[in-house]
Structures are given as C-alpha cells and as structure tokens.
Amino acid sequence: MSDNKFALPIHWNDYEDIAIELYEKFGDDFDESKIYRIRFTELLEWVLSLPNFAGTRTESNEGHLEQIQSAWVYEWRDNQ
C-alpha cells in the first residue's frame, strides 16, 4: 500500500487505483468469487480507509462499488 504523502488523491471514479490499493492491502486473501461476495457495506469502509482516498461516504453509490469490485477482480487476475 502506498503511504506516499506526495501521492495524488484517489476519488470514487478512480476504480483501477482503488483496486490496486485493495489488492495490495489484501493480496490473495480474496479470490474472484470472494471479491464478488463482499458486502458493499464492508467494501465501502475499506475504500474509505485507504491512504490518499479523498472521496466521502455520501459520494459513494452502488455503481461505484460495483465498478470497484470488477476492477479488483481484474487486478487479482493480473497477479495470478
């Protein structure tokens, strides 16, 4: 996970950046099927806790969380 204080802020529509951060945080603890079974309430909290994440809870929506899940699966596949 990047703790670089000079890193650009991450926003809700930065799906790939969020997916990379989640993959770096959780690694292979979550495979494709587990990623798609994550509750959106949990995923929301994980995203909000990422370093350099600048979005807010009120800006989130189901579409963003679905895109993040999909991007996370692609990131997981790329690292297999």
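Numbers for the structure displayed
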{"quantity": "FRET efficiency estimate (nearest 0.05) - Cβ-Cβ, Ala7 to Glu45, R0 22 angstrom", "calculated": "0.60"}
{"quantity": "Among Asn61, Asn52, Asn13: highest mean-square fluctuation, GNM of the chain, C-alpha pairs under 10 Å", "calculated": "Asn61"}
{"quantity": "Exposure rank, largest accessible area first [Tyr74, Tyr36, Tyr23; 1.4 Å]", "calculated": "Tyr74, Tyr36, Tyr23"}
{"quantity": "Distance (nanometres) between label positions extended 7 Å along Cα→Cβ at Arg57 and Glu16", "calculated": "3.1 nm"}
{"quantity": "Amide H contacts under 5 Å for Phe53, placed H, 5+ residues apart", "calculated": "Ile10"}
{"quantity": "Value of relative contact order over the chain, rounded to a whole percent, pairs C-alpha under 8 Å and six or more apart", "calculated": "49 percent"}
{"quantity": "Heavy-atom SASA rank of Phe6, Phe40 (probe 1.4 Å, accessible area, largest first)", "calculated": "Phe6, Phe40"}
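The values are calculated or read from the model by the stated rules, or taken from the named source; none is laboratory data. The structure displayed is predicted, hence computed values, not measured ones. Neighbour counts are summed over all protein chains in view; Cβ atoms, including those assigned to glycine, are modelled from backbone coordinates with ideal geometry. Keep in mind that these areas ignore ligands, DNA and RNA; they rest on the heavy atoms of the full protein, side chains included. Shrake-Rupley method; radii C 1.70, N 1.55, O 1.52, S 1.80 Å.
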